[in-house]
Amino acid sequence: MAEPVPHPAHATSAPSKPRASWRGLRNAIAIPIAHRPTRPRAVRRAAWALLLGGWLALSGAWGQTLTLAGPYHRQLDIQAYWVSEKYDGIRAHWTGQQLLSRQGLPIEAPAWFVRGWPRTPLDGELWAGRGQFAAVQSTVAQGAQDDAGWRRLRYMVFDVPQHPGPFTQRQQQLQRTVAAIGQDWVQVAPQWQVPSHDALQRQLRSYSQAGAEGLMLRHAQAPYRGGRSEDLIKLKLFKDAEAVVVAHLPGQGKYRGMTGALLVEAPSGQRFKLGSGLSDADRRQPPPIGSTITYRFNGTHPSGLPRFARYWRLRTSDQP
């Protein structure tokens, strides 16, 4: 169970040196949040403003912001949606010239990976298969130098953002666009429809048991609109969120000499411990202070703190 904790008097390790990459930029922005001076709210707001400003500058160069997923609820007209697998990878949009992360930071793919791609912008996910997020993360962090890693990736494309029509028409255009690319590693994300919420839940359980992260729903008649709305819906068996690591708390008993728990801070400013979910390898080499991690949880307490929070993984890019 997550519990509020006082701010630690000192951290158990120094901030890691950020890498010169999209991952390093994000961590460099997150580090001031973890090590606050005397005005914590001002620092936190300034850090998020810097991140947002950089993202807006880059997305402005592309000319369109990405569509983001809203939460699932049973009041949705489920027959009005197309359903697809939620890929456990890294969101990537093709501007017509280069791949960018969801934050608008360049993804350095090898030249052969994007050779012959159209001037048409594409929205998709770099994916290596179910349960292979760490492999995608490693390859994207290393950039074009990890040629072998890129040969294991697929670009699962689910939209053509600048097409003016509704999603059903955009899918037809997407099929033609990907067929024209003619590369095995560029694939259209399969879409299907379901007759009821009960059928959707059965599919969610089946896909989750097979290792999928969840399902995504896209409204058949919605145009491509940037921002969060019910045009795009995310459905998972569990909830997850992100937090910044602010300290490594020492272990006891069999974990003596290792990290017992992470002290993390949510975007709300609330701090809590994460011990469950850490493997022995994680405890020996925990996520760096200032890095962003993803945790899973089951609802929240009245205070807003997560219930049964457990560490999931180090996260280098945001999920739709």
**Study point:** Filter result (of a type in the set (Gly, Ala, Ser), surrounded by fewer than 17 Cβ atoms within 10 Å (Cβ to Cβ) and on the phi < 0 side of the Ramachandran plot) within segment 277-292
**Key:** SER279, ALA281
Review point. With (1) under 23 Å from ASP88 (Cα atoms); (2) of a type in the set (A, V, I, L, M, F, W, C); (3) open to solvent by less than 60 Å² (accessible area, probe 1.4 Å) as the list, and LEU237 as the residue in question, which single condition is left unmet?
Key: (3)
Practice item. Determine, yes or no, whether LEU274 is aliphatic (A, V, I, L, M), open to solvent by less than 20 Å² (accessible area, probe 1.4 Å) and either within 25 Å of GLY70 (Cβ to Cβ) or free of Cβ contacts under 8 Å to residues at least 24 places away in the same chain (or both). Key: no
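Residues are listed down the side, and each one gets a yes or a no for (1) surrounded by 14 or more Cβ atoms within 10 Å (Cβ to Cβ); (2) free of Cβ contacts under 8 Å to residues at least 40 places away in the same chain; (3) touching a helix residue (DSSP H, G or I) at 6+ places or on another chain (Cβ under 7 Å):
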{"residue": "ASP146", "(1), (2), (3)": "yes, yes, yes"}
{"residue": "TRP150", "(1), (2), (3)": "yes, no, yes"}
{"residue": "PHE158", "(1), (2), (3)": "yes, no, no"}
{"residue": "GLY165", "(1), (2), (3)": "yes, no, no"}
{"residue": "ALA180", "(1), (2), (3)": "no, no, no"}
{"residue": "PRO190", "(1), (2), (3)": "no, no, no"}
{"residue": "GLU213", "(1), (2), (3)": "yes, no, no"}
Review point. Is there a residue in segment 197-209 that is small (Gly, Ala, Ser) and either touching a residue at least 60 places away in the same chain (Cβ under 8 Å) or open to solvent by less than 50 Å² (accessible area, probe 1.4 Å) (or both)?
Key: yes
**Study point:** Qualifying strands (runs of 3 or more DSSP E) (wholly inside segment 159-272; at least 2 residues being within 24 Å of ARG130 (Cα to Cα))
**Key:** 186-188, 214-219, 227-235, 239-250
Check your understanding: Residues in segment 293-304 that are open to solvent by less than 10 Å² (accessible area, probe 1.4 Å) and either part of a loop (DSSP other than H, G, I, E, B) or closer than 13 Å to ALA247 by Cα (or both): how many?
Key -> 1
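The values are calculated or read from the model by the stated rules, or taken from the named source; none is laboratory data. These figures come from a predicted structure and were not determined experimentally. Cβ coordinates were reconstructed from backbone atoms using ideal geometry, including for glycine residues, and neighbour counts include every protein chain displayed. The accessibility values were calculated without ligands, DNA or RNA, using every heavy atom of the protein model including side chains. Shrake-Rupley method; radii C 1.70, N 1.55, O 1.52, S 1.80 Å.
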